[in-house]
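Q: Handing you this structure, nothing more for now.
The values are calculated or read from the model by the stated rules, or taken from the named source; none is laboratory data. What you see is a predicted model, and the numbers here were worked out from it, not measured in a lab. Please note: Cβ atoms are built from the backbone with ideal geometry, for glycine as well, and neighbour counts cover all protein chains shown.
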Amino acid sequence: MPPIAAPSTPHRIAVIGGGAIGGFVATLAHRAGHDVTLCLRTPLNRLTLETDGETLDAAVRFAVDPETAGPADWVFLTTKAQDTAGTAGWLHRLCHPGTVVVVLQNGIDHTERVAPHTPDGTDILPAVIYASAECTAPGHVRHYAGNEIHVPDGPTAARLAELFTTDRLKVVPVPDFTTTAWRKLFTNLAANPLTALLQQRMGIFTDPGMAALTRDILREAAAVARAEGADIHDADTDRVLEMYGLVPADGGSSMLYDRLAGRPLEHEHITGAVVRAGERHGIPTPLNGMLLTLLRAVDRDIRAGKDADAAQLANP
């Protein structure tokens, strides 16, 4: 196993969220030689990343209480978008003037979502990450494909690129982040709801009928994206279908993993983002609207089950 690279300037890095993306980024930041704290709800004994036929150990610091965390130079926010408000305690403890919060979440409104929960002087950097990964056990992440973070071009993007001295994670500055955010949303718009609703993995997209449904879902969303100012065309739909074909058949989506684990779903920030934008522009979105209705029903069932479990624990 190659030694950990030594960066020219080690930084204090905090990663909020112990899911697959959080573990992926925390491990690679540690492998790049930085001082990394992984902020979690429940403690872990160990963090490992399975990638490219290797298993990498990451001796990061684990924190479960914001009061135990010190200021950070960089904060990577990797929780689900719907959990952003719940990270306010961490953000206020970790951030100081000059801290950069890299928002690695789904959706198209990264800055607006996070800004109310950060102290003045915090630099918020919206980002999209192209990485398919799954927590197969607490503290163990399996990485399937993808290794890029796309951020708006500029000085902060250049500084972010300098953090990682490994080609396992690449920072890509982009001149048009609106288009980038919508293109990333496209990668989730069919895979997430369909795998979660069917409780099946990515191999389902080899079916011609499923591929045709995917194309219709994305074409419907493309009209909305263009109305929002994104440069989205048929080629973007083709690219998503090609990408689905490259993911291993046993790979999944974050929404599928959440449903299998009984966690609330992120549908409002993925499918819901398309439906709401369509309403703003008077553009019909019947397919995405149907998916949103079904996902809301599944999510209600998940939340009801969690409430029932909590009540049983409170009143055994």
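Q: When you go through LEU49, LEU44 one by one, which is the residue that is assigned by TED's automatic domain parsing to the domain that holds THR165, in a loop (DSSP other than H, G, I, E, B) and in contact with a Leu (Cβ under 8 Å, 6 or more places away or on another chain)?
A: LEU44
Q: Within segment 237-248, track down each residue that is assigned to a helix (DSSP H, G or I) and under 20 Å from the mean Cα position of the chain (by Cα).
A: Result: ARG239, VAL240, LEU241, MET243, TYR244, LEU246.
Q: Also, I was wondering about something else. Restricting attention to segment 258-280, which residues are surrounded by fewer than 13 Cβ atoms within 10 Å (Cβ to Cβ) and either at negative phi or at pLDDT 95 or above (or both)?
A: Listed by number, the residues that qualify are ALA261, ARG280.
Q: Can you name the residue in segment 179-210 that is basic (Lys, Arg) and touching a helix residue (DSSP H, G or I) at 6+ places or on another chain (Cβ under 8 Å) and is also farthest from GLY146 (Cα to Cα) among such residues?
A: Looking at the filtered set, the residue picked out is ARG201.
Q: Something else now. Check every one of the helices (runs of 4 or more DSSP H) wholly within segment 108-222 and list those with 1 or more residues that are surrounded by 15 or more Cβ atoms within 10 Å (Cβ to Cβ) and polar (S, T, N, Q).
A: 155-163, 177-189, 191-198
Q: Under 7 Å between Cβ atoms, which residue pairs at least 6 apart in sequence (or on different chains) link something in segment 74-88 that is among the small types (Gly, Ala, Ser) with a partner that is outside any helix (DSSP H, G or I)?
A: ALA81/GLN105; ALA81/ASN106; ALA81/GLY107; ALA81/GLU266
Q: When you check PHE76 against the structure, is it modelled with pLDDT of 95 or more and more than 25 Å from HIS269 (Cβ to Cβ), yes or no?
A: When the stated conditions are applied, PHE76 does not pass them.
Q: While we're looking at this one, here's another question. Can you find, within segment 69-84, the residue that is surrounded by the fewest Cβ atoms within 10 Å (Cβ to Cβ) among those that are among the β-branched types (Val, Ile, Thr) and over 9 Å from the mean Cα position of the chain (by Cα)?
A: Taking the candidates together, the pick is THR84.
Q: Follow-up question, since we're still on this one. Can you go through ALA88, ALA127, ALA161, ALA145 and tell me which one is modelled with pLDDT of 95 or more, aliphatic (A, V, I, L, M) and in contact with a strand residue (DSSP E or B) (Cβ under 6 Å, 6 or more places away or on another chain)?
A: ALA127
Q: Do we have ARG259 as within 18 Å of LEU185 (Cα to Cα), assigned to a helix (DSSP H, G or I) and charged (D, E, K, R) here?
A: The answer is no for ARG259.
Q: Next up: Checking ALA277 against (1) out of contact with any Asp or Glu (no Cβ under 6 Å at 6 or more places or on another chain); (2) within 19 Å of ILE108 (Cα to Cα), only one condition comes out false. Which one?
A: It is condition (1) that ALA277 fails.
Q: Of all residues in segment 290-306, which are out of contact with any Leu (no Cβ under 8 Å at 6 or more places or on another chain) and of a type in the set (A, V, I, L, M, F, W, C)?
A: MET290, LEU292, ALA297, ALA304 - these are the residues of segment 290-306 that are out of contact with any Leu (no Cβ under 8 Å at 6 or more places or on another chain) and of a type in the set (A, V, I, L, M, F, W, C).
Q: Please give the number of the condition ASP258 fails out of (1) over 24 Å from ALA133 (Cα atoms); (2) in contact (Cβ under 8 Å) with a residue 12 or more places away in the chain.
A: Failed condition: (1).
Q: On to the next question. Tell me, please, whether a residue that is in contact with a strand residue (DSSP E or B) (Cβ under 8 Å, 6 or more places away or on another chain) and at pLDDT below 95 can be found in segment 149-157.
A: No, every residue in segment 149-157 fails to be in contact with a strand residue (DSSP E or B) (Cβ under 8 Å, 6 or more places away or on another chain) and at pLDDT below 95.
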